[in-house]
Ligand SMILES: Cc1cc2nc3c(=O)[nH]c(=O)nc-3n(C[C@H](O)[C@H](O)[C@H](O)COP(=O)(O)OP(=O)(O)OC[C@H]3O[C@@H](n4cnc5c(N)ncnc54)[C@H](O)[C@@H]3O)c2cc1C
């Protein structure tokens, strides 16, 4: 059976797939392999997780999360999903500051690509990492923690430095969220983009570049519904799916019903398979926050060209971090996401058009999604990879393209 990613658009070319069940087994495997790479839950849309050698899946490693309430942190096994972790934290009165749109993704895989949710004040999921343990090329173990010189290069690292075995994440006190959907946001309301995105703890705009809806996730005060005529929108009269034609069953509870953070921040419920329309591809370009309105207007202007291959777009805000390869490095950002129909040939020219349209706004790609324009690799990441993995054991076509090799 061919192993492929979640979307089915990348068949992994690994000669062998391994499921080590202990750290020692993993260390021996890595030390003895000429080419090796870890796979998370396989939700990336490109070949970032691929290898022609040994693919390592950590799903049989010890999988208990170690919660330290007093220190406000949790140490998690790399392959644990947010869906498994979140209820355990909540049971201890703790939370993660944010989650992505679906909780089914692994912590190590998400962190490795800079996965994020939305929220003006909230950085990516990778920014919650305070330390990580990895097995490096010769099979030895290495722990890097916030404050270590190499740490900011090792968190969003695309699997290029070693196999991460566990990560320690910052946690915050558990909180409740209410979710509201507002429909019919007029294009002119973009002039109020900053106010709209600041109107909740986590806010997303879903648009097909003609009709726009707002997913408003409010925590604390004000936790109530915004006024009836809020920026020209109307309240949704029932639960909604981000894709207007889809039933809302897989979606987290809306209509202002309060619930725990992990059952409201993701758009999709942990107990449903998170299928957009069944078949999809994704891209996302991340821009400096100050370009948001101008960039969105430029995309509305080419909406006719985008729509034929688009299921839906999502616009989110993400706070800056200091991780070298993070798309949010050094800049508060707006992420403009595209859920495409599953037609790679049809999507490619439209993606190129989107990239060209956004080029004046200094875009950076989401590492786990489809893109055609490669950013340059920071020199310090190149040296870190060369130092930790001198023979390029963890390199793959994706990282070679990034490193320009
Ligand atoms: C339906 C859907 C919704 C999504 N929603 C969002 C969203 O809301 N926000 C967002 O930002 N992204 C989103 N994504 C993208 C997704 O979060 C990223 O692609 C993420 O990397 C997936 O995690 P994964 O565990 O599946 O990683 P994988 O795709 O398995 O791997 C990603 C990278 O991590 C590396 N890696 C994995 N495990 C390890 C390890 N133990 N040690 C070292 N390296 C490792 C791999 O080698 C690879 O380079 C979505 C994807 C899908 C399919």
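Output yes when any residue across region 86-99 is surrounded by 24 or more Cβ atoms within 10 Å (Cβ to Cβ), more than 22 Å from residue 253 (Cα to Cα) and in contact with a strand residue (DSSP E or B) (Cβ under 9 Å, 6 or more places away or on another chain), and no when none is.
Looking through region 86-99, none of the residues is surrounded by 24 or more Cβ atoms within 10 Å (Cβ to Cβ), more than 22 Å from residue 253 (Cα to Cα) and in contact with a strand residue (DSSP E or B) (Cβ under 9 Å, 6 or more places away or on another chain).
One residue is enough: does region 255-277 have a residue meeting the conditions within 13 Å of the ligand (Cβ to nearest atom), surrounded by fewer than 17 Cβ atoms within 10 Å (Cβ to Cβ) and farther than 30 Å from residue 175 by Cα?
Within region 255-277, one or more residues are within 13 Å of the ligand (Cβ to nearest atom), surrounded by fewer than 17 Cβ atoms within 10 Å (Cβ to Cβ) and farther than 30 Å from residue 175 by Cα.
Looking at 242, 274, 247, which one is within 18 Å of residue 200 (Cα to Cα) and either part of a loop (DSSP other than H, G, I, E, B) or at pLDDT below 95 (or both)? Step through it out loud before you land on a result.
Working: 274 fails: within 18 Å of residue 200 (Cα to Cα); 247 fails: within 18 Å of residue 200 (Cα to Cα).
Going through 242, 274, 247 in turn, the sole match is 242.
Looking at region 86-196, what strands (runs of 3 or more DSSP E) fall wholly within it and have at least 2 residues that are modelled with pLDDT of 95 or more and under 22 Å from residue 399 (Cβ atoms)?
Once the strands (runs of 3 or more DSSP E) in region 86-196 are filtered for at least 2 residues that are modelled with pLDDT of 95 or more and under 22 Å from residue 399 (Cβ atoms), what remains is 129-135, 141-145, 163-170.
If you take the residues in region 66-76 that are out of contact with any helix residue (DSSP H, G or I) (no Cβ under 8 Å at 6 or more places or on another chain) and assigned to a strand (DSSP E or B), which one is nearest to the ligand (Cβ to nearest atom)?
Our first condition is that a residue be out of contact with any helix residue (DSSP H, G or I) (no Cβ under 8 Å at 6 or more places or on another chain); within region 66-76, this holds for 66, 68-73, 75.
In the following step, the residues that additionally are assigned to a strand (DSSP E or B) were identified as 66, 68, 73, 75.
Numbers: 66: 17, 68: 21, 73: 19, 75: 14 Å.
Ranking the qualifying residues of region 66-76, first place goes to 75.
Condition first: more than 19 Å from residue 266 (Cβ to Cβ) and touching a helix residue (DSSP H, G or I) at 6+ places or on another chain (Cβ under 8 Å). Now tell me which residues in region 208-218 satisfy that.
Scanning region 208-218 gives 208, 209, 210, 212.
Taking the residues in region 278-312 that are surrounded by fewer than 19 Cβ atoms within 10 Å (Cβ to Cβ) and in a loop (DSSP other than H, G, I, E, B) as candidates, determine which candidate is modelled with the lowest pLDDT.
This residue is 278.
Of the residues 76, 48, which single one is over 25 Å from residue 365 (Cβ atoms) and within 21 Å of the chain's Cα centre (by Cα)?
76 is the lone residue from the list that is over 25 Å from residue 365 (Cβ atoms) and within 21 Å of the chain's Cα centre (by Cα).
Considering only residues that are within 13 Å of the ligand (Cβ to nearest atom) and buried (at least 18 other Cβ atoms within 10 Å of the Cβ), which ones fall in region 19-28?
20, 26
From 42, 53, grab the single residue that is under 19 Å from residue 366 (Cα atoms) and in contact with a strand residue (DSSP E or B) (Cβ under 8 Å, 6 or more places away or on another chain).
Of 42, 53, the one residue that is under 19 Å from residue 366 (Cα atoms) and in contact with a strand residue (DSSP E or B) (Cβ under 8 Å, 6 or more places away or on another chain) is 42.
Among the candidates 136, 143, 165, which residue alone is in contact (Cβ under 8 Å) with a residue 60 or more places away in the chain, more than 22 Å from the chain's Cα centre (by Cα) and within 16 Å of the ligand (Cβ to nearest atom)?
Details: 143 fails: in contact (Cβ under 8 Å) with a residue 60 or more places away in the chain; 165 fails: more than 22 Å from the chain's Cα centre (by Cα).
None of the others qualify; the one that does is 136.
Somewhere in region 177-195, is a residue crowded, with 17+ Cβ neighbours inside 10 Å, within 11 Å of the ligand (Cβ to nearest atom) and touching a residue at least 40 places away in the same chain (Cβ under 8 Å)?
No - not one qualifying residue is present in region 177-195.
Among the residues of region 208-239, which ones are within 29 Å of residue 81 (Cα to Cα) and either within 16 Å of the ligand (Cβ to nearest atom) or in a loop (DSSP other than H, G, I, E, B) (or both)?
Selection gives 215, 217, 220, 223, 239.
Sort out which residues of region 352-376 are crowded, with 17+ Cβ neighbours inside 10 Å and within 16 Å of the ligand (Cβ to nearest atom), and write them in order of number. Write out each step before concluding.
Just the residues of region 352-376 that are crowded, with 17+ Cβ neighbours inside 10 Å, to begin with: 354, 357-358, 361, 363-371.
363, 364, 365, 366, 367, 368, 369, 370, 371 - these are the residues of region 352-376 that are crowded, with 17+ Cβ neighbours inside 10 Å and within 16 Å of the ligand (Cβ to nearest atom).
Looking at region 377-405, which of the residues that are within 16 Å of the ligand (Cβ to nearest atom) and outside any helix (DSSP H, G or I) is nearest to residue 124 (Cα to Cα)?
Checked region 377-405; the qualifying residue nearest to residue 124 (Cα to Cα) is 377.
The values are calculated or read from the model by the stated rules, or taken from the named source; none is laboratory data. As the structure is a computational prediction, the values presented were derived from the model and not from experiment. Every residue, glycine among them, receives a Cβ derived from its backbone with ideal geometry; neighbour counts consider all protein chains shown.
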